[in-house]
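Below you'll find the structure, written out as structure tokens, and then a few comments.
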Amino acid sequence: MAALYEGYTLCGLVPEQNLSNSGVRGIEQERDSDHVVVTDSTRSVTMYKVSDQKPLGRWTVKQGQSLTCPAVFNPKTKEYVAVSDNQVIRIWKEEDVLLDKTFKATVSSDIWRVHCAHGGDPVVLFQRGAVRLLDSLLSAPQQPIEEILAQEEAIRWSTNIVAETQQFVIFTTEQKGDTLIYLQGLNPNTLQRYRLEREEPGLSPLSFSVTYKDKHIHLLYLYPNGHVYQSVLSVRGLGTEEGLQALQVPRGLLLALPVGEGLLEAASALVLDEAHVAVVGVPHPSAGACKDFLCIWNTNFQTLQAGKEMAGKIYGQLWCYSNKLFIPHGKTLSVIPFVCPKSSLASALGKLKQAKAEESKSPASVPSWNKILHGEKAQPSRTVETRKMVRYTAQLFLNGLPKAVQKEVEGLLSRSDIQDLQPCVGQLVSILVSRSLADPSFYIPSTLAQLVHTQCLCHSACPDLVLLALEKKDYFLCQLCLQFFPDIPEAVTCACLKAFIRNEVLQTAYSETFLLPHLKDLSSQHVVLFLQYLQFLYLKYSQDDFPQMHGLRSPSLTQIMDWVCLVLDAHFTMLVMIPEAKGLLLNLHSFVKSQVRLVSELGKIEGSLQELKNMKVKKEVGQYSVEIIELF
Amino acid sequence: MGEFKVHRVRFFEYMPSPIRAMAFNSRTDRLAVARGDGAVEIFNFADNYFQEKVIPGQDSRAVEALCWVGQRLFSAGLNGEITEYDLENLRPKYTVMAYGGPAWTLSMSTECFLCQVGCEDGTVKMFEILEERIQFQRNHDRQKGRIISLSWHPSGTHIAAGMMGMIRIFETETGSPANKEVVVWSVAFLSDHTVISGDSAGKVQVWDGFTGTLIKTHLITKWDVLALSDQSSLVAGTSEGTVTQFQFLPLIVGQQDKEWVRTRTFKNHSHDVRALAHTETAVVSGGMDTQLVVQPLLDRVEKNTQESALRKIAFPHRSLVCCAKKSGLLLFQFPEHLELWRLGESDGHGKPGDSLPVRKKPEKLIHLKRKGEDHICCSALSPCGGWLAYTTVSSVRLYRLQYNNNSISIKKLPKLPKELCSAHQLCFSSDSSKLFASSKHSSVIVVALGQSECKYLHTLKPKSGYGTTEQPVHLLFVSEDSKWLAAANTGCEIHIYNLNKLKLHCTVPVYSSCPTAIAIHPVTSNLVTVHANQQIFEYSLAQKEYTEWSRKLQKQGLHNLWLERDTPITHISFNPNNQAHIILHDMFMLCIIDQSLPLPDRKTLLYNQMTLRSVPESERLRHSHAFKICKNFQHLLCVSTLEDQALVVVERPLLDIMSQLPAPVRQKKFAT
């Protein structure tokens, strides 16, 4: 499942008085994924190292001037480019201190934005739709700039992508309620123009987001009624020429987000990967009408994957750079890391079992449909072959010399289809075990251990294996069995316990009712020793700084406690009688007492903690309010 | 006790100026702090760190260094001038041009009454300190680069100068060149001829002053070491906002050989530490983040006392907000301009905890820029809103305001009486017919206001004689009936004048701590005073003695938690609905004292509003005491009552100030 992690603050903001504007004009990636350039809506550009939450540089234009487009970083030249007062292009480097002393060029028409996609060159998009490469523009700054857009047409949004070898500027405009998309290719210059299908009258998209895949541009856009559509444009295009009627592009509804009452005002949707979209300013489906949420939706299954309430007003601004979302809210700019693992139906529904490292070694062997339906010819003969092989091996196991047996097993284990042989392996092992039991001189522990390691075995398949190991005092093999067999009977567990008092035993599965009678078989010395060991483990574990002693294979605190209780239950009357157990019992008594006290204290503060949870979050105070207070 | 309608105001965009330099006078326990706008503030460390005096800044004055000589205060700045301040009249006394370009540093030798200035042109200029002025004596050999820092040897025979890449000791002429291009931001010259330097490479270095050899280097920051101060131990401030302490200790216990060892690091600032002072018991630091921080050294103070608490001084201890009660107007004072706002209006009623819908938003009526170079030192608005006055150290300006429906006209009164040439405090009578201005020698000038002119009436003076000081008046208050005028000065005196007779009525017994707020009760005519040490007094003007309640309060003593608060009370007002209510505030709380209720004793819960809220109404009276403290509002600059019985609170959240500061990185100034 996609997840949003705990965020952190990158910087404070100075929003406008009426909170209509976050104060951030734009955020662009800098040299690497950990550096960004933040342009505020007035005069300054600040460069941050994101993981350190630390500004590394800041540049400000003079009082009276203002930055009119977000600064971009050109990694090829290591220069920053920004535009002030619509017509002045400014270029500077990190080591420049004063912006006033750096390069400036005034152009003849108002600039909408400067873009610089990674791998591309900086491109300038003018407000009237013309596009120039920055280099060619700077060679003659005062060159005439043509008007592409119609009279009442205005740019709403733009971006820049590099598709294989060609660089594209994509921008959307609005004209009399229509939304148009322009696809401007550079070197060679091409221009395509499309028209979006109209949504309900009066609604135009709130936000756009673009991804490029397989020679197609995927444009995703969000309407105030919560509808998220996707349209796909080919970069080759149909060669529409200027002046031609713009083609209407087909669209597909990806998501219909819940909007609560009324329409969305400040919201945006951003594509994270093929299946995930981040959305801000849209209500959480299970949290009422409040719109101050950041959510990740899965577009394949239309399910909400993760949601987070953002304190303070959301401005509908959102950026994403390398698995981090940048979101201005209230008076802060927060960075929220996220993950979007590849989605499957199971994970979307939240049902995928956490695959453990050990389990991943043994993929389930499901025969392929192809094989079953179209029955490859080789298949029957193979089964016959396997059967022959098993019969031969069994024979060998019954009579062969230990060395030969060993060799055969190694051969068996090196086969690629060992998983398919699961039933046969059980059969073969039980032959080996019964031979060992019958013939005390025949015992090959390494081979048995190897077989247990395959994880094809279980206790039911070879019930005598553990007993054999116990008899031979091969505790290593016993441990392996305890570790890998899912179905060891309680009686056997107890038998193991008697033979050695180890952690593996504590971790085997058991059922109290079945274990209890077997535990009673333990002798008093065993019981005392076992309890002492359990107490030792418990004390070790209750120290906070005690690291997990045996790596992954160590019993948990609850397992230890359960065993203590079980052993005490089974032998309490006897333990009370024997003098040497007295100290131990007193110790156990005192720690039970302390546990009880702790729990009762915890119980007392439960109410307060609950109250903390219910406490109202302090609401944001604006510039002015009239409040009623009461003093007592 | 009751409900209050509160106008919660956060549109005063007050921005303190960064701290540039400071100097501590251990003899008088006074700290002088210079800010980026040229203002100089004096804090009395003996009196609860009260901000006693403020000398307003000036456009051209950028103070780089401050220095005390006895009780005299000098500064040098980038305008190339050396200034001595008149601490009685809160203005520069005189300035002397150093003729060396911008002056970067100033160092005084108290031994031989000499002062040296380090200049841009590479000269160290020596001035003789005379009784009433300073006089140029001579130049030292001119150096190649600018002189950034200076430190006298305590004997007065040598001086160490830090500059670009080297430290030079004058008179002995043994320089000690460093390899890398670094700026020696600060030097300290110790009595054993050790010179310690802090530089732009982030190092604190210990040098032998005789031979010019380097003894020890401590790398303490990636950025710059900006400031040093010594007093048995040495502290260094960096542009990361940290302060590092060094102590002269034997490396092995019991041995004689001592070395400067880095001992502690404090991080109390978000930005550059530009100025440091080392007192006997504490390190005082300040810088770009505008806050003054007093960090006690726990080995020098007694633990768990008030002295051992960290103190941050963020707001001035005087009022920058003036509220016109009758007209619902607020006047905000900035160094450069004044803003006049009209409060908004709300609809209907609500229950406690509610925010009422705002029918009319607050409106900014006037943005008045000051004239001339000098910054505004105080301002006042008449209760009717019809008059506005402000002063700088060089002039007083008075304006007539007229409101016609939606338009507002402002007219400057062309001719002011010549007596009204400068003032430390201004105050209008409640009927707006008179203006009071405190002037030289604790006097107060009374001016009558007509329709469009004003007339000098009288000068009120305290009785001069034994025991009276001539300290500036920092608080003025006129009673509601315009009969009484109270004037408090930084010499801790409070004079009461009878305005009907235009003469001194009495002087309140002088208390050892400076008053931080005064007010006269509109009905009982009792004077309420609160002092820097948090004590509260009530003085009957009719009886000329402390009231019964005041005596009871003194006898029983104030609650410990009240005394431990570390910001002063800066306003007092009274509840027009209830005679027994005194409304006070400091930076973090608003308090209503109900004189009819019993005083809290040592064991009582002082902050008991939450408790009272939770007990049933019938039991509340049994649990309540006189101090009703409300902490709903924080970072308060002003709390005032309006004629319609609503309260106005003006907040300036520190977070808002922080967000306005430049990014906390080293600002390259030149060639570093």
Exercise. Counting Lys and Arg as +1 and Asp and Glu as -1, what is the net charge of the other residues whose Cβ lies under 15 Å from the Cβ of A:L432?
Worked result: -2
Exercise. What average count of beta carbons from other chains do you get within 10 Å of the Cβ of residues in B:5-12?
Worked result: 4
Problem set entry | Whole-number percent relative contact order across chain B, with pairs defined as alpha carbons under 8 Å at least 6 apart | 9
Problem set entry | Rg/Rh for the range A:21-148, where both radii come from Cα atoms and Rh is the Kirkwood radius | 0.95
Problem set entry | For the range B:230-312, the spread of Cα positions along each principal axis, largest first, Å | 43, 30, 16
For this session: For the range B:426-529, evaluate the Debye formula with one uniform point scatterer on each Cα (no solvent term) and list log10 I(q)/I(0) at q = 0.14 Å⁻¹, rounded to two decimals.
Result: -0.49
Seminar exercise, completed: Between the alpha carbon centres of the range B:587-626 and the range B:512-585 the gap in Å comes to 17
Problem set entry | Nonlocal amide H pairs with B:A39, under 5 Å, H built at 1.01 Å | B:G57, B:Q58
Seminar exercise, completed: Inter-chain shielding metric for A:41-50, i.e. average beta-carbon neighbours from other chains within 10 angstrom, reads 1
Exercise. Over the range B:473-564, what per residue volume does the convex hull of the Cα atoms give, in whole Å³?
Worked result: 92
Exercise. Dividing the Cα radius of gyration by the Kirkwood radius, what Rg/Rh value follows for the range B:19-313?
Worked result: 0.95
For this session: Could you please state, rounded to a whole Å, how far the C-alpha centre of the range B:478-509 is from the C-alpha centre of the range A:77-120?
Result: 63
Exercise. How many angstrom lie between the C-alpha centres of the range B:324-399 and the range A:269-283?
Worked result: 46
Problem set entry | Cubic angstrom per residue, convex hull over Cα atoms of the protein assembly as shown | 293
Seminar exercise, completed: One can check that the equivalent ellipsoid of the range A:111-253, built from the alpha-carbon gyration tensor with semi-axes equal to the square roots of five times its eigenvalues, has lengths in Å, largest first, of 25, 18, 14
For this session: Can you check how the C-alpha radius of gyration of the range B:440-480 compares to 2.2 N^0.38 Å, as a plain ratio?
Result: 1.45
Exercise. How large is the helix-only mean residue ellipticity at 222 nm for chain B, computed as the sum of -39500 (n - 2.57) over DSSP H runs with n ≥ 4, divided by its residue count, in deg cm²/dmol to the nearest 500?
Worked result: -1000 deg cm²/dmol
Problem set entry | Protection proxy ranking, peptides B:590-602, B:611-623, average beta carbon neighbours within 10 Å, highest first | B:590-602, B:611-623
Problem set entry | Long-range HN-HN contacts of B:A275 with modeled amide H, under 5 Å | B:G286
Problem set entry | the range B:1-96: trypsin sites (Lys or Arg not before Pro) in DSSP coil with no more than 14 other Cβ atoms inside 10 Å | B:R27
Exercise. Rounded, prolate or oblate: which fits the range B:91-156, taking a ≥ b ≥ c as square roots of the Cα gyration tensor eigenvalues, rounded meaning a/c under 1.5, else prolate when a/b beats b/c?
Worked result: oblate
Problem set entry | Scattering profile of chain B at q = 0.09 Å⁻¹ [log10 I(q)/I(0), Debye over alpha-carbon scatterers] | -0.82
Exercise. Once phi is turned into ³J(HN,Hα) by the Karplus curve 6.51 cos²θ - 1.76 cosθ + 1.60 with θ = phi - 60°, what whole-Hz value does each residue of the range B:638-648 show in order, with x for glycine and proline?
Worked result: 6, 10, 9, 9, 10, 5, 7, 6, 7, 9, 10
For this session: Could you tell me what % of all Cα pairs in the range B:1-154 have separations over 22 Å?
Result: 44
Exercise. On the first, second and third principal axes, largest extent first, how far apart are the outermost C-alpha atoms of the range B:532-598 in Å?
Worked result: 33, 29, 22
For this session: Give the shape of the range A:1-51 as rounded, prolate or oblate, defined through the alpha-carbon gyration tensor: a ≥ b ≥ c are the square roots of its eigenvalues, a/c under 1.5 means rounded, and otherwise the shape is prolate if a/b is larger than b/c and oblate if not.
Result: oblate
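Each value in this text was obtained by applying a stated rule to the coordinates, not by laboratory testing. All values derive from a computational prediction rather than experimental measurement. Glycine gets a Cβ as well: all are built from the backbone with ideal geometry, and neighbour counts include every protein chain shown.
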